[in-house]
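Peer 1: Pasting a structure below so you can have a look.
Readers should treat all values here as calculations from the given coordinates under stated rules, not as data from a laboratory. The structure presented is a predicted model; accordingly, all values stated were derived computationally and were not measured. Heads up, the Cβs are rebuilt from the backbone with ideal geometry, glycines too, and the neighbour counts pull from every protein chain shown.
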Amino acid sequence: MKIAIRNGRIIDPARGIDGIGDLVIEDGKIKAVKSQKSKGRSQRPEITGATREIDARGKLVLPGLVDLHVHLREPGYEYKETIRTGTAAAVRGGVTSVCCMPNTNPVNDNASVTEFILKKASAEGACWVYPIGAITKGQKGEELAEMSIMHEAGCVAFSDDGRPVMDSLMMRRALEYSKVMNVPLISHCEDLSLSSGGVMNEGLLSVTLGLKGIPPQAEEIMVARDIALAELTGGRLHIAHISTEGSVALVRAAKKRGIADVTAETCPHYFSATEEAVGDYRTNAKVNPPLRRKRDVEAIKEGLHDGTIDVIATDHAPHHRDEKLGEFDFAPSGISGLETLIGLSMRLVDEGVLSHEGLVEKTAVNPARIIGVDRGTLAPGAAADLTVVDTETEYTVGAAKFVSRGKNTPFDGWVLSARPVITISLGRIHEWE
Amino acid sequence: MSLKSKDLVSIRGLDASDIGLILETAAGFKDVLGRDIKKVPALRGKTTVNLFYEPSTRTRTSFELAAKRLSTDVVNFSVSTSSVVKGESLRDTALTIQALGADIIIVRHSCSGVAHFLADNLGASVVNAGDGTNEHPTQALLDLFTIQERKEAIKGLRVAIVGDILHSRVAKSNMYALTTMGAKVRLIGPPTLVPEALEELGVEIFSDMDKGLRDVDIVMMLRIQMERQGKGFFPTTVEYFRNWGLTPERLSRAKKDALVMHPGPMNRGVEIASDVADGHNSVILDQVTNGLAVRMAVLYLLAGVKG
């Protein structure tokens, strides 16, 4: 099958391309890309015999996005999400590669779970799935999991995610050991003794709502610790979902000093919303780390702009409606994020925080580089993972219509102006009105 | 005249005229409570449910009596015998109670925001009888009523609230109510229990109790929850009493005619000395009596609002 996508604005920062042009796909691979402003010859491609013609005039043609932080929930929590529904939601959001976190049941802390996920993904998945293994057995922070065997089975990184490794010596050993595989450890930075069961950002709002607060320092202390341990060990550290001004400053300083191999990510909700979204106990705005203050939002944008933050990932955390319907204290943390990733992130382009190229770097090029996979580019020969984004639409986010089983989003009802209209993933074309 | 909302979930949602209306209505009911026959037929045929997820004797009894004196049928939904232990969700329990025909649901729960949640999800009137560390609006209203009985006006009064502000829904509701009515509020206690962020609301914060009590008109003591001891909020109740216990000597820093209040139950010798609790400045038992009248007023006014 031969597909021709014509007249779209092709953005492929990996090759320095940003221009109107045509792109040809054959047998699931990018065959040719010709754009007027590509660094090379700028002539129109000769495309003949395409079995499918797509007119992308006025739209962006981007490499399929790579999401470093997704909870697919399978095995164990299929009522929240499955590999089938989660990858379908990814594709709806323009994402063609997802890294799935290990906090399933059983935990992905051994190769048999990894193999199960990959098998299920190849049978039912709508996009590439790259499992992230647990650092410690059962995410308990006590004994290292079989990282090397899991790596052979297909894990691309390791993380204890929501149950951070509190023991500094254990984290040190893990960072040292990870050098065997040359993979990053992804750290959910939270000093659990300081966050102490908190459910939202600590401040006037948490006090007046009578909700237990989590101070920004609960994150920053662990960011500082993990940077120090990365410096000590030479291991690769990727800091997950940065939410505070102080964390941005710590990562910036570490990068400037060149002392550690550190990369960092944030999520759309941390640059799109503040703690005010909690309002009168709206559980869909409960997320960990919590939504913070305006100054944190500004600092995160600055961190994205100046390169301190390498990656935008969703931390897609689907939950069942019933779990979010009740006491704020008991509701699980998390936002279903895949289907608003592009819409929220494109606002950064509108605000001048990122260029279009910069956005693709944060959502495709850099994450692919961090996990060492050959994705995030439209280079000839690469897998034909791409998404065509309409940036001139205006639509209202409707959580009820999410492809994901998780309808939990504080952005329900927001008016956004960018969304994928076509995603090509694993050789299949997905189209939406 | 009636309230604007079908529910009373927080003081924050009320303005001075709402509070004034409740206090005025309560004054009428207090007269009723002084009569030989302490009952009026105002809400005959209505059903009130006490939905208490937290143990409470005084507040539940006060609401129960208030409801009975308005002639409503009252049912106590007891947690121990309920399906809550079977894992029923809060919403399902509340919908079930509503389906049984409850017009007014009085709720107490250990989680902040539960009253908001029920008010949003039910057609019945919801009265917050204390939710987590958020609010306890009727306590604040009865405190205001008690102050108003003894002082000419609330506006301009200096009120010190002393103790565990962080975990106190009573302190929160009082702070909002007093500020709305024009009083000046001081919060006194150890920094571990008095969130500095509250200064943004225009209240003054003191860790030195002698300074904080200077020239105040009202001293509101809060109950110290014993389980906080040893959790790092303060070392021992002995040290707490030394620094923040209300003794006759400390009270002498306040105005001579200052009122001493306490929402109960008291820990004598922990936050308040017996001499003060039983002294002539104390209006602690008046608070209890007034609680009935104020809760009657709240139930009466809410029943007049169409859901």
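Peer 1: With all pairs of different alpha carbon atoms counted, what Kirkwood hydrodynamic radius in Å does the stretch B:151-213 show?
Peer 2: Taking the inverse mean of 1/r over all distinct Cα pairs, the stretch B:151-213 comes out at 11.6 Å.
Peer 1: Output needed for chain B: three equivalent-ellipsoid semi-axes, defined as square roots of 5 times the C-alpha gyration tensor eigenvalues, in descending order, whole Å.
Peer 2: 32, 22, 17
Peer 1: Rounding to the nearest 10 and keeping the result within 0 to 90°, find how far the Cα-based axis of helix A:245-257 lies from the longest principal axis of chain A.
Peer 2: 70
Peer 1: What residues have an amide H closer than 5 Å to that of B:Leu259, excluding those fewer than 5 places away on the same chain, when H is modeled at 1.01 Å from N in the peptide plane?
Peer 2: Long-range HN contacts for B:Leu259: B:Ile218, B:Val219.
Peer 1: Per the helix-only calculation at 222 nm, which mean residue ellipticity applies to chain A, given -39500 (n - 2.57) for every DSSP H run of n ≥ 4 and division by its residues, nearest 500 deg cm²/dmol?
Peer 2: When only DSSP H runs of four or more count, the value is -8000 deg cm²/dmol.
Peer 1: I've got another one for you. Let me know the whole percent of all Cα-Cα pairs from the stretch B:30-154 that are separated by more than 18 Å.
Peer 2: It works out to 57 percent of all Cα pairs.
Peer 1: Still on this structure: Projected area of the stretch A:202-313, taken from the Cα convex hull and averaged over every viewing direction, in nm²?
Peer 2: Projected over every direction and averaged, the Cα hull of the stretch A:202-313 covers 6.6 nm².
Peer 1: Give me A:Lys80, A:Lys256, A:Lys29 ranked fewest to most by other Cβ atoms within 10 Å of their Cβ, as a rough exposure proxy.
Peer 2: Result, fewest neighbours first: A:Lys256, A:Lys29, A:Lys80.
Peer 1: So, counting K/R as plus one and D/E as minus one, what does the shell of residues with Cβ under 14 Å around B:Gly34 add up to?
Peer 2: Local net charge: +1.
Peer 1: Which whole-number value in Å³ per residue fits the convex hull of the alpha carbons of the stretch B:137-286?
Peer 2: Hull volume over Cα atoms, normalised by residue count, gives 95 Å³.
Peer 1: Also: Using Cβ contacts closer than 10 Å as the measure, can you line up A:Asp261, A:Asp12, A:Asp310 from fewest to most?
Peer 2: Result, fewest neighbours first: A:Asp261, A:Asp310, A:Asp12.
Peer 1: Okay, moving on. For chain A, take the longest principal axis of its alpha carbons; what is the angle in degrees between that and the long axis of helix A:168-177, to the nearest 10 within 0 to 90?
Peer 2: 30
Peer 1: What does the charge count around B:Asp18 come to, taking other residues whose C-beta lies under 15 Å from its C-beta (Lys +1, Arg +1, Asp -1, Glu -1)?
Peer 2: In short, -1.
Peer 1: Going by alpha carbons, how many degrees (0 to 90, nearest 10) lie between the helix axis of A:111-124 and the longest principal axis of chain A?
Peer 2: 40
Peer 1: Determine by what factor the alpha-carbon radius of gyration of the stretch A:102-157 differs from 2.2 N^0.38 Å, reporting the quotient.
Peer 2: Relative to the rule-of-thumb radius for its length, the stretch A:102-157 sits at 1.06.
Peer 1: So, how do all the Cα-to-Cα distances of the stretch A:306-349 break down into 5 Å bins, in percent, from 0 on up?
Peer 2: 5, 18, 21, 18, 15, 12, 8, 4, 0
Peer 1: Averaging the inverse of every distinct alpha carbon separation and then flipping it gives the Kirkwood radius. What is it for the stretch A:64-371, in angstrom units?
Peer 2: Radius from the Kirkwood sum: 19.0 Å.
Peer 1: Under 10 Å, Cα contacts only: if you run a Gaussian network model on chain B, which one of B:Ser207, B:Ser168, B:Ser89 comes out with the highest mean-square fluctuation?
Peer 2: B:Ser89
Peer 1: Can you list the residues, at least 5 places off or on another chain, whose amide H is less than 5 Å from the amide H of A:Thr314, using H built in the peptide plane?
Peer 2: A:Leu68, A:His69
Peer 1: According to the square roots a ≥ b ≥ c of the eigenvalues of the Cα gyration tensor, what is the shape class of the stretch B:203-290, taking rounded for a/c under 1.5, prolate for a/b larger than b/c otherwise, and oblate for the remainder?
Peer 2: It is oblate, given that a/c is not under 1.5 and a/b is not larger than b/c.
Peer 1: Roughly how crowded by other chains is peptide A:198-211, in terms of the mean Cβ count from those chains within 10 Å of each of its Cβ atoms?
Peer 2: What the average comes to for A:198-211 is 5.
Peer 1: Which log10 I(q)/I(0) values, to two decimals, does the stretch A:117-230 give at q = 0.12, 0.20, 0.22 Å⁻¹ under the Debye formula with one point per Cα?
Peer 2: -0.53, -1.00, -1.10
Peer 1: Take A:Ser417, B:Ser112, A:Ser336 and order them by how many other Cβ atoms sit within 10 Å, fewest up front.
Peer 2: Arranged by neighbour count, lowest to highest, A:Ser417, B:Ser112, A:Ser336 become A:Ser417, B:Ser112, A:Ser336.
Peer 1: Would you please state the base-10 log of I(q)/I(0) at q = 0.18, 0.23 1/Å for the stretch B:80-168, with intensities from the Debye formula using one equal scatterer on every alpha carbon?
Peer 2: Log10 I(q)/I(0), no solvent term: -0.88, -1.15.
Peer 1: Report the full-extension gain for the segment A:Lys137 to A:Ala228: residue separation times 0.36 nm, less the Cα-Cα distance, to one decimal in nm.
Peer 2: Residue separation times 0.36 nm, minus the Cα-Cα distance, leaves 30.4 nm.
Peer 1: Something else now. Name the most mobile residue of A:Ser159, A:Ser196, A:Ser404, meaning the one with the largest mean-square fluctuation, in a Gaussian network model of chain A with Cα contacts below 10 Å.
Peer 2: Result for chain A, Cα springs under 10 Å: A:Ser196 fluctuates most.
Peer 1: GNM, chain A, Cα, under 10 Å: largest mean-square fluctuation among A:Tyr177, A:Tyr270, A:Tyr130?
Peer 2: Maximum fluctuation in the GNM of chain A, among the listed residues, is at A:Tyr177.
Peer 1: How much of the DSSP beta bridge set in chain A is antiparallel, as a percent to the nearest 5?
Peer 2: 50
Peer 1: With 26 Å as the cut-off, how large is the P(r) tail for the stretch A:28-185, expressed as percent of Cα-Cα pairs?
Peer 2: 40
Peer 1: Hydropathy first: keep DSSP H helices in chain B averaging at least -0.5 on Kyte-Doolittle, then drop any whose Cα extent along the axis falls short of 15 Å, and list what survives.
Peer 2: Span-like helices here: B:16-33, B:137-150, B:169-180, B:284-303.
Peer 1: Filter the cross-link list A:Lys324/A:Lys401; B:Lys30/B:Lys256; A:Lys80/A:Lys179; A:Lys120/A:Lys140; B:Lys38/B:Lys172; A:Lys80/A:Lys301 down to pairs whose alpha-carbon distance in this structure exceeds 29 Å.
Peer 2: With Cα atoms farther than 29 Å apart: A:Lys80/A:Lys179; B:Lys38/B:Lys172; A:Lys80/A:Lys301.
Peer 1: Once the principal axes of the Cα atoms of the protein assembly as shown are found, what is the range along each, listed largest first in whole angstroms?
Peer 2: Principal-axis extents of the protein assembly as shown (Cα, largest first): 100, 56, 45 Å.
Peer 1: Return the long-range amide H neighbours of A:Tyr77 (sequence gap of 5 or more, or a different chain), with a cut-off of under 5 Å between placed amide H atoms.
Peer 2: Amide H neighbours of A:Tyr77: A:Asn105.
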